[in-house]
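Report on the following structure.
The values are calculated or read from the model by the stated rules, or taken from the named source; none is laboratory data. Because the structure is predicted, anything quoted here is derived from the model rather than measured. Methodologically, a virtual Cβ is constructed for each residue, glycine included, from the backbone with ideal geometry; neighbour enumeration extends over all protein chains shown. Remember, those area values only see protein heavy atoms, side chains included, never the ligands or the DNA or RNA. Shrake-Rupley method; radii C 1.70, N 1.55, O 1.52, S 1.80 Å.
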Amino acid sequence: MLRILLLGAAALALLAVAVLLGVAIGETRLAPATVFQVLANQLLGARYPVDPIDQGIVWNYRLARALVAASCGAGLAISGVILQSLLRNALAEPYLLGISAGASTGAVLVSVAGLGAGAVSMTTGAFFGAVCAFALVALLAHAAGSGGLRNGAQIVLAGIAGSQLFNALTSLIITKSGSAEQARGIMFWLLGNLSGVRWSDTLLTAGVALAGMAVCAWHARALDAFTFGTESAAALGVPVRRLQLVLLLAAALITAVMVSIVGAIGFVGLVIPHAARFIVGVRHRRLIPVSALMGAVFLIAADVISRTLIPGQVLPIGVITALVGAPVFAAILLRGRGGRV
């Protein structure tokens, strides 16, 4: 028990350090003392004299941005754990399986094409887009051969086709419905953009990430059973169909909420679960919290790099995650050569 408490405290400390670095480092140089004074004023009720502009940068921009990045990184990593475990495929992740592309299409239909006439939120549109995308992917995989959700390789191949379809639909909607300036802004958002996040986004993303983590932790033993296949899981008494539905919808909801706020960020759900397995093994009781922590720290670091790599310019965060994720993706492909991926 003491060991678990110590590990938990160390994990929280690491996350706190990452958030502090995300707050302290940015486009505008601020003295560390200024950062700590702003945080002390807001969190502890101190009365340090701080410039209002500096206070706005630290509290309303950088801290909210760092917390959203942490929540999105954790959520996407958890989605990757779910999909890789259920499909028994090392390359499964929300971006590859079309969930991110479908969520992007749903979000763009609401925000650009005006679907729902203001009665439907972007998050709702993204969620239904993600569900429709994965339903299409599952149908394609089932039509391509027997096995349905049990055939992970066909799910991934169908996901690639679904991603291309929904990406094309997203581009078509933006091109036909928006002005040139609006299209440029939306395309930048689709590549991953944390610039417009607010404190309300922080509460939503953190709540969804924590709920997703709780769902996964509750079904950790069932996810361990899925590692050996659906037949073995059923033999161990796991309600396979119900669990698949619950966990796949959880992955779709997590992805939909994150995409609706920060855009489609690829490779987080692919890279982080593999890195976590390398550290703690395949038991989901340890894999789930470690993946969430690594995803949070990774996306905070990627956000800091995106803001500081080119002076005076903020890069889409998806560009940074892809620069890291693409070589890892290639390494996984090479590792799987000559055997089942």
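Scan the range 35-74 for residues that are among the polar types (S, T, N, Q), touching a residue at least 24 places away in the same chain (Cβ under 8 Å) and open to solvent by less than 30 Å² (accessible area, probe 1.4 Å) and jot them down.
Step one: list which residues in the range 35-74 are among the polar types (S, T, N, Q), which gives 37, 41-42, 55, 60, 71.
Then keep just the ones that are touching a residue at least 24 places away in the same chain (Cβ under 8 Å); that gives 60, 71.
Correct list: Ser71 only.
Taken together, Ser111, Ser104 contain a single residue that is closer than 20 Å to Val262 by Cα, at pLDDT below 80 and among the polar types (S, T, N, Q), which is Ser111.
Does the range 256-277 contain at least one residue that is crowded, with 19+ Cβ neighbours inside 10 Å, over 15 Å from the mean Cα position of the chain (by Cα), small (Gly, Ala, Ser) and more than 30 Å from Gly185 (Cβ to Cβ)? Within the range 256-277, one or more residues are crowded, with 19+ Cβ neighbours inside 10 Å, over 15 Å from the mean Cα position of the chain (by Cα), small (Gly, Ala, Ser) and more than 30 Å from Gly185 (Cβ to Cβ).
Would a scan of the range 263-284 turn up a residue that is of a type in the set (Lys, Arg), under 15 Å from Ala92 (Cα atoms) and touching a helix residue (DSSP H, G or I) at 6+ places or on another chain (Cβ under 8 Å)? Working first, answer last.
Quick first cut of the range 263-284, residues of a type in the set (Lys, Arg) only: 277, 283.
In the following step, the residues that additionally are under 15 Å from Ala92 (Cα atoms) were identified as 277.
So of that shortlist, the ones also touching a helix residue (DSSP H, G or I) at 6+ places or on another chain (Cβ under 8 Å) come out as 277.
Yes: one or more hits.
Identify, from the list Leu248, Leu223, Leu191, Leu204, the residue that is farther than 24 Å from Phe329 by Cα and not hydroxyl-bearing (Ser, Thr, Tyr). Step through it out loud before you land on a result.
Numbers: Leu248 fails: farther than 24 Å from Phe329 by Cα; Leu223 fails: farther than 24 Å from Phe329 by Cα; Leu191 fails: farther than 24 Å from Phe329 by Cα.
Sole residue among the options that is farther than 24 Å from Phe329 by Cα and not hydroxyl-bearing (Ser, Thr, Tyr): Leu204.
Any residue at all in the range 49-58 that's among the charged types (D, E, K, R), within 22 Å of Pro311 (Cα to Cα) and modelled with pLDDT under 90? Write out each step before concluding.
Here is the first cut: in the range 49-58, the residues among the charged types (D, E, K, R) are 51, 54.
If we keep only those that are within 22 Å of Pro311 (Cα to Cα) as well, we get 54.
From what is left, the residues that are modelled with pLDDT under 90 are 54.
Checking the range 49-58: at least one residue is among the charged types (D, E, K, R), within 22 Å of Pro311 (Cα to Cα) and modelled with pLDDT under 90.
For the range 73-99, the set of residues classified as part of a helix (DSSP H, G or I) and either in contact with a strand residue (DSSP E or B) (Cβ under 9 Å, 6 or more places away or on another chain) or among the polar types (S, T, N, Q) (or both) consists of Ser79, Gln84, Ser85, listed by residue number.
The rows are residues; the columns are (1) over 19 Å from Val197 (Cβ atoms); (2) charged (D, E, K, R).
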site	(1), (2)
Arg221	yes, yes
Thr227	yes, no
Ala233	yes, no
Val259	no, no
Ala275	yes, no
Pro311	yes, no
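Screening Gly237 on (1) open to solvent by 10 Å² or more (accessible area, probe 1.4 Å); (2) assigned to a helix (DSSP H, G or I) shows it passes everything except condition (2). Taken over the range 34-66, residues that are under 25 Å from Gly312 (Cβ atoms) and part of a helix (DSSP H, G or I) amount to 18.
Does Gly102 satisfy the condition of being closer than 30 Å to Ile310 by Cα and either open to solvent by less than 10 Å² (accessible area, probe 1.4 Å) or in a helix (DSSP H, G or I) (or both)? Lay out the reasoning, then the answer.
Values: closer than 30 Å to Ile310 by Cα: no; either open to solvent by less than 10 Å² (accessible area, probe 1.4 Å) or in a helix (DSSP H, G or I) (or both): yes.
It is false that Gly102 is closer than 30 Å to Ile310 by Cα and either open to solvent by less than 10 Å² (accessible area, probe 1.4 Å) or in a helix (DSSP H, G or I) (or both).
The set of residues in the range 244-273 that are β-branched (Val, Ile, Thr) and not in a helix (DSSP H, G or I) contains only Ile265.
For (1) assigned to a helix (DSSP H, G or I); (2) at pLDDT below 90; (3) open to solvent by 40 Å² or more (accessible area, probe 1.4 Å); (4) under 24 Å from Ile82 (Cα atoms), each residue gets a yes or a no:
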{"position": "Lys176", "(1), (2), (3), (4)": "yes, yes, yes, no"}
{"position": "Gln182", "(1), (2), (3), (4)": "yes, yes, yes, no"}
{"position": "Phe188", "(1), (2), (3), (4)": "yes, yes, yes, no"}
{"position": "Asn193", "(1), (2), (3), (4)": "no, yes, no, no"}
{"position": "Ala209", "(1), (2), (3), (4)": "yes, no, no, yes"}
{"position": "Met213", "(1), (2), (3), (4)": "yes, no, yes, yes"}
{"position": "Asp224", "(1), (2), (3), (4)": "yes, yes, no, yes"}
{"position": "Phe228", "(1), (2), (3), (4)": "no, yes, yes, yes"}
{"position": "Arg242", "(1), (2), (3), (4)": "yes, yes, yes, yes"}
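Being in contact with a helix residue (DSSP H, G or I) (Cβ under 9 Å, 6 or more places away or on another chain) and either without any contact (Cβ under 8 Å) to a residue 24 or more places away in the chain or more than 25 Å from Ala275 (Cβ to Cβ) (or both) is true for just one of Ala133, Ala101. Which residue is that? Explain how you work it out, then say what you get.
Numbers: Ala101 fails: either without any contact (Cβ under 8 Å) to a residue 24 or more places away in the chain or more than 25 Å from Ala275 (Cβ to Cβ) (or both).
Of the residues listed, the single one that is in contact with a helix residue (DSSP H, G or I) (Cβ under 9 Å, 6 or more places away or on another chain) and either without any contact (Cβ under 8 Å) to a residue 24 or more places away in the chain or more than 25 Å from Ala275 (Cβ to Cβ) (or both) is Ala133.
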